[in-house]
Every structure is written in C-alpha cells, then in structure tokens.
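A quick write-up on the structure given underneath.
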Amino acid sequence: MTAGVPVLAAHHVERAVSPDDAVEAVRRGFVAYASGDWKMPPKVYVTNYPTGDFRAMPAIGAGHALLKWVTSFPDNPRRGLPTVSGVVLISDATDGSLRAVLDAASVTALRTGAAAVLAAETLGRSEPRSCAVVGAGVNGRAVARTLHTRGRRVVLWDVDLERAQSVAREVGGDVAGSLDAALGCDVVVTVTPGHEVLLREGSLLPGQHVSLMGADGPNKSEVAPVEVARCHVFCDDWEQASHGGELQHAVERALLERADITELGDVLVGRATGRRSDEEITLFDSTGLAIQDLAVALAALERLDELDDVPRVPL
C-alpha cells in the first residue's frame, strides 16, 4: 500500500458513489443506527448568524469512526463561494489511524439526495404521479439527480430561475410554472436555506409526501408548525429534529410530542408503521445525520482501488 492518507476531492467521491449507491448506503446506515450497531453523538453547532454556521458531526460504526467538519453559509454563492464546504475524516476504529480525508460538500449532497428519496420511497404512495424539488442549489441538484436515477420525472423550482433551468436540463426534468405548482406535486422535497415558510397552514394535500431537507438548524423552518401537526410525522433522529429541525417549532408550541413522531429507521427495520393510507399526508423532517455521512464515506472507500488518481498525503 502506498504511504500517505488518501484525499478524495468532490470528483473522486462522485465517481465512486452513484446516487443509487448512496440510497442503498444510507438505507444501511439508518438500519444500523436503529439497530444500535452504529452510534452517533449529537452534532455541535458553532454559529455566526446571520451569515452562517459550522458543524462538527461524529459517528462510529462498521469498524470506522467519522468526524465531519462542515459549514453552511447560504449567501456565499453571491460571493462566488460554495454554500457548503469542509472535510470528512475517516479513521480505523480499532487503532485510531486516519484512513482517508473526503470532501464534505460532495458527501453531504449525496446523502441529502439519498435521504430525501429514501424517505419518499418508504413513506410516499407507491406510484406518485409527480415529484418536485424546491431549491436547486447543490443539495437540491443532488435530490433531483437521485429522483431521476430512481426513474422519477422531476420538476424544479428555485428563486433563481436560471439555476432551476440549469439543473432541469442536467437531470432531464422540467421547471415548474410556479412555486404553488411545485408544492402541489405528490412528492415534494424542499431544499432551501430554511429562512422562509413555504408550506403554510392548510397547504398540504391529501396523499402528499414531503421531505423537508432545508431547515436543519435552530430557528429555521420551511413549513408552518400547525401544518406539521396535520401530518403523519417522521424524522431522521428525534433528538436532533426536536431541537434543531422543523419539529422544534411544533414541539415548543405543544402541537406534537415524542409519541407523535416516528424515526425513519424504525420503519426500515419493521419496528414502526409508515404510511397508513393513500389519503394520509406524510412528512419527513431531515436534520442530516453523521451516520448518513459515514455510510456514504464507507461506500466511497469501497471503490478507492478503482480510482487511480487519488493523491496520498503523508500526515
């Protein structure tokens, strides 16, 4: 083995892990976490609002430990900078040695797309007629790519029409005629900065599924709290979601409590029920989990030998 730690840039991660690979990896991660085989302490936020925040996200499982140090600065594109940047560190859990360094933005995009679509496939109606992605940034693009890879026609909406058009061309989708048209689809995935409520009281339709991916921190929201309470509600992790996701606002107003919420992993392992009828509205609140990052990072490492241009850096 060549000396040095492999450093995977975004293009290495994207070549190693397809959207389909990411969905299956994230599914395995959720199952391992729900089964107690993988562990994940709460993520730590270091904030510099209103400009953005830093996040430290640890996890351990499958003989490896992970730490992701990642940023979220929503206004960065106006400055020609990425919204999300950082690194993922993967270590051998048996001896502590550093196995690899990966670009955090690409890992985050892959697992965001995977989690959104996995939730929609698990909780949505079996044959949705229409799928929409609201927000066409890096992570919205990943969701659209994943939906397309899974055989779904997707429409996109973004405050930046040109950005929505660009992603639609790339994934073979369409641009929604309006925000309302996008929000009226059978499956809706929102991937916005979370600074504005998109789904207002009474707006969700019978039979819809919504994967809410944008409000992943304190004081963010893409849906009105009273609207959350109308739904059959699921989340990626209760502790995170109830303190820093969509659920935070509904819980603080006593509209929901722990017994009302089901974690997606519990559905995947057969411990809980998902959708109960075609008319039910299902809602998935995603705050982004380090176990998802671990799953995608491990999938990338499995293909490391197939990548002949990965630099190795002595540390």
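The values are calculated or read from the model by the stated rules, or taken from the named source; none is laboratory data. The structure presented is a predicted model; accordingly, all values stated were derived computationally and were not measured. Here Cβ is always computed from backbone atoms with ideal geometry, including for glycine, and neighbour counts include all displayed protein chains.
Listed here are the residues, each with its yes/no results for (1) touching a Leu at 6+ places or on another chain (Cβ under 9 Å); (2) loosely packed, with under 15 Cβ neighbours inside 10 Å; (3) closer than 26 Å to Thr51 by Cα.
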position	(1), (2), (3)
Gly173	yes, no, no
Thr192	yes, no, yes
Val197	no, no, yes
Val226	yes, yes, no
Glu257	no, yes, no
Members of the stretch 282-309 found to be surrounded by fewer than 19 Cβ atoms within 10 Å (Cβ to Cβ) and either of a type in the set (A, V, I, L, M) or outside any loop (DSSP other than H, G, I, E, B) (or both), listed by number: Leu301, Glu302, Leu304, Asp305, Glu306, Leu307
Residue match in the stretch 85-104 (condition: outside the structural domain of Gln208 (by TED's automatic domain parsing), touching a residue at least 60 places away in the same chain (Cβ under 8 Å) and touching a Pro at 6+ places or on another chain (Cβ under 7 Å)): yes
First in the stretch 153-180 and on the phi > 0 side of the Ramachandran plot, second anywhere and surrounded by 13 or more Cβ atoms within 10 Å (Cβ to Cβ) and at pLDDT 95 or above, Cβ under 7 Å, 6 or more apart: Gly172/His148
Pairs with Cβ under 6 Å, 6+ apart, first in the stretch 18-42 and aromatic (Phe, Trp, Tyr), second outside any helix (DSSP H, G or I): Trp38/Gly61
Candidate set from the stretch 3-30 (those that are among the charged types (D, E, K, R) and in contact with a Ser or Thr (Cβ under 8 Å, 6 or more places away or on another chain)); member that is surrounded by the fewest Cβ atoms within 10 Å (Cβ to Cβ): Asp20
Pick from the stretch 207-220, criterion among the small types (Gly, Ala, Ser) and touching a helix residue (DSSP H, G or I) at 6+ places or on another chain (Cβ under 6 Å), ranking: surrounded by the most Cβ atoms within 10 Å (Cβ to Cβ): Ala215
Sole exception among (1) of a type in the set (Val, Ile, Thr); (2) modelled with pLDDT of 95 or more; (3) in a strand (DSSP E or B) for Thr47, by number: (2)
Qualifying residue in the stretch 70-77 (condition: exposed (fewer than 14 other Cβ atoms within 10 Å of the Cβ) and either out of contact with any Phe, Trp or Tyr (no Cβ under 6 Å at 6 or more places or on another chain) or assigned by TED's automatic domain parsing to the domain that holds Asn139 (or both)): yes
1 or more residues closer than 27 Å to Gly52 by Cβ and among the charged types (D, E, K, R): qualifying strands (runs of 3 or more DSSP E) within the stretch 62-124: 64-72, 98-103
Which listed residue, of Ala65, Ala59, Ala109, Ala100, is small (Gly, Ala, Ser) and over 14 Å from Leu294 (Cβ atoms): Ala109
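Can you tell which of Val187, Val226 is in contact with a strand residue (DSSP E or B) (Cβ under 7 Å, 6 or more places away or on another chain) and not hydroxyl-bearing (Ser, Thr, Tyr)? Write out each step before concluding.
Numbers: Val226 fails: in contact with a strand residue (DSSP E or B) (Cβ under 7 Å, 6 or more places away or on another chain).
Only one candidate passes the filter, namely Val187.
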Some residue of the stretch 21-43 being of a type in the set (A, V, I, L, M, F, W, C), farther than 25 Å from Leu147 by Cβ and modelled with pLDDT under 95: no
